[in-house]
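Enquirer: Below you will find the structure I want to go over with you.
Here, each number is a calculation from the coordinates, and none is a lab measurement. All figures in this text were calculated on a predicted structure; none of them were measured in a lab. Cβ coordinates were reconstructed from backbone atoms using ideal geometry, including for glycine residues, and neighbour counts include every protein chain displayed.
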Amino acid sequence: MENILEIKSLRKEYDGFILKDISFALPYGYIMGLIGPNGAGKTTTIKSIMNLLRRNSGEIKIFGKDNREHELEIKSRIGFVYDTPTFYEQLSLKQMKTIIAPFYKSWDEGIFQRCMKDFELPLKAKVRTLSRGMHMKFALALALSHHAELIIMDEPTSGLDPVFRRELLDILSALIQDERKSILFSTHVTSDLERIADYITFIHKGELIFSLTRDEVFENYGVVKGGKDLLTEENGGLFAGVRQHRYGIEALTSNLPEARKKFKTGVVIEKATLEDIMFYTGKGGGNV
Amino acid sequence: MFSLILKDFMLLRVRMWFQVGFWVFFMVNVSGSGIPFLIISLIMVSIPIGADEKNKTESLLVSLPVKRSTIVIARYLYILVVIALVMAVTYFSSRVLHILSPAQFERVVPFDWLLAPQLFVMFLMSLALPIIFRYGSHLEAGIRVIAVSISVIIGAVILLIVIWDSMGIDIFSIKLVYTSLGMGVVMLISMGISLLIYKRREF
């Protein structure tokens, strides 16, 4: 499968934070969700992809080309949506479009007008009057109007009400019907990903925990609930994170088939949600 | 490049009435001095810089398919365009006022009276822009340092102008050509530094 985005051993060091040799790939025509708790390194990864941060080492290829050597060409084929509003609040949407459109050779005014109509965005409205949801839609309209092949969104759904969130996710799902378009978006609202993501990449404390298809995640991850007697040295390797409570334990396993084979009685085994995976991974404590 | 300069002028339109009012007031009341037009120019150049900071739009600009060097050069060009615009509008409106009411407006604002404050604007922005391109305009400490420096420089210059004016020395006509050339060089150096800084900046 041809990849639209390939990251190999990406490393970025700050004071007090290191993104440690992250590698993953996103094929054409799919949606990838980048998950992780706050401060995990999601935004650092996305900013490195956009070359807004200078990586210390590693390789980022977009459309098969290095993102630094072919920066302008790559950016002209990417639609980037920030987590916080980055438009001039004193200007109207039409004025914002006037500023942004000339940077894109492939700008399609017809698509822009259609998106504005479909998304119910008034051209004369000032940016400051937009709700967060409308702001996201406008950013998306701009991205679609220059035929962006890769849409990168940093926390697009955070702060949106459930109706707007669902609407945005529907728009994103509809977008990838064109099999040459892909979407990478970071979020900590994991229910969004369970709904639309084809691939899930989980980063925790700057480290890549996994980058798998959604099916692989749900086939392999599970929550084991049972007595404290489960915490043996032999079982330790099976648990990626453990929460102990008064009556027993709840543990995340990344090897669900093996756990099912091993624990037959007195144990409840459930499929893990992405939220479970994030929560228990944060707890750690696999080796007991 | 043109889009970026146009963008700055679009942002300027937001406070246009304030600027026009300020301008008219000084044209009518202090038409013999170039100092108010220094303030007008400073307001005009600082509005887009403030807007970028307020709206965090620098991140937007660098995510567009545009070279960082183009963003830097566009900002310097915008300043030069503003300076030229202020000088031209002031000169021609002063001429019109003189024609309409020669008794009240005895003379047209001399060219050197117009140019000197604008050279000063060039100088100030040459100092400020590399810092702004490095830290953004929000860096409180940096801005305080700049604000203090600017206040001191403006105060000193106004004082000197008043003193020299009272002594009948026309300081502007003497070395205006050299000063202009000097300011041009200062601005070029400033732009070079800004280009280096902005290329390495992270967002």
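Enquirer: What's the magnitude of the charge dipole for the protein assembly as shown around its Cα centre, counting Lys and Arg as +1 and Asp and Glu as -1 at the beta-carbon? Answer in Debye, nearest 20.
Expert: So the dipole magnitude of the protein assembly as shown works out to roughly 480 debye.
Enquirer: Distance check, please: which entries in A:8/A:271; A:94/A:117; A:137/B:199; A:42/B:7; A:228/A:262 exceed 22 angstrom between their Cα atoms?
Expert: Flagged as over cut-off: A:8/A:271; A:137/B:199; A:42/B:7.
Enquirer: While we're on this one: Can you compute the helix-only [θ] at 222 nm over the protein assembly as shown? Use -39500 (n - 2.57) per DSSP H run of at least 4 residues, normalise by all residues, nearest 500 deg cm²/dmol.
Expert: The helix-only estimate for the protein assembly as shown comes to -17000 deg cm²/dmol at 222 nm.
Enquirer: Another one. Once phi is turned into θ = phi - 60°, what whole-Hz ³J(HN,Hα) does the Karplus curve with 6.51, -1.76 and 1.60 give for every residue of the range A:261-276, x standing for Gly and Pro?
Expert: Those phi angles translate into 5, 7, 9, 9, 10, x, 9, 9, 10, 10, 5, 8, 8, 5, 5, 4 Hz.
Enquirer: Taking θ = phi - 60°, what integer Hz values does the Karplus form 6.51 cos²θ - 1.76 cosθ + 1.60 yield along the range A:164-180, in sequence order, with x for Gly and Pro?
Expert: Each residue of the range A:164-180 in turn: 4, 4, 4, 4, 5, 5, 5, 4, 5, 4, 5, 4, 7, 4, 6, 6, 9 Hz.
Enquirer: While we're here: Roughly how far apart, in whole Å, are the Cα centres of the range A:193-217 and the range A:110-151?
Expert: Rounded to whole Å, the Cα centres lie 28 Å apart.
Enquirer: Evaluate the charge dipole of chain A about its Cα centre and quote only its size in Debye, nearest 20, assuming +1 on the Cβ of each Lys and Arg and -1 on the Cβ of each Asp and Glu.
Expert: With Lys and Arg at +1 and Asp and Glu at -1, about 560 debye.
Enquirer: Please give every one of the aspartates and glutamates within straight-line cross-link reach of residue B:56, meaning a C-alpha to C-alpha distance under 18 Å, and leave out same-chain neighbours fewer than 8 residues apart.
Expert: Leaving aside aspartates and glutamates fewer than 8 places away in the same chain, those within reach of residue B:56 are A:83, A:89, A:154, A:155, B:8, B:140, B:202.
Enquirer: If we restrict to alpha carbons, what Rg and Dmax does the range A:221-283 come to, in Å?
Expert: Final numbers for Rg and Dmax: 10.4, 28 Å.
Enquirer: Each residue of the range B:187-194 in order: what ³J(HN,Hα) in whole Hz does its phi give by Karplus 6.51 cos²θ - 1.76 cosθ + 1.60, θ = phi - 60°, with x for Gly and Pro?
Expert: 5, 5, 4, 4, 5, x, 5, 4
Enquirer: In addition: Modelling each spin label as a point 7 Å along the Cα-to-Cβ direction, I'd like the residue B:67/residue A:108 distance in nm, to one decimal.
Expert: The two pseudo-label positions are separated by 3.0 nm.
Enquirer: Ratio of chain A's C-alpha Rg to 2.2 N^0.38 Å, to two decimals?
Expert: Taking the Cα Rg and dividing by 2.2 N^0.38 Å, one obtains 1.11.
Enquirer: In addition: Can you check what the Kirkwood hydrodynamic radius comes to for the protein assembly as shown, Cα pairs only, in Å to one decimal?
Expert: Computed over the protein assembly as shown, the radius equals 26.2 Å.
Enquirer: Another one. Taking 0.36 nm per intervening residue step and subtracting the Cα-Cα distance, what contour gain separates residue A:69 from residue A:38 on full extension?
Expert: 8.1 nm
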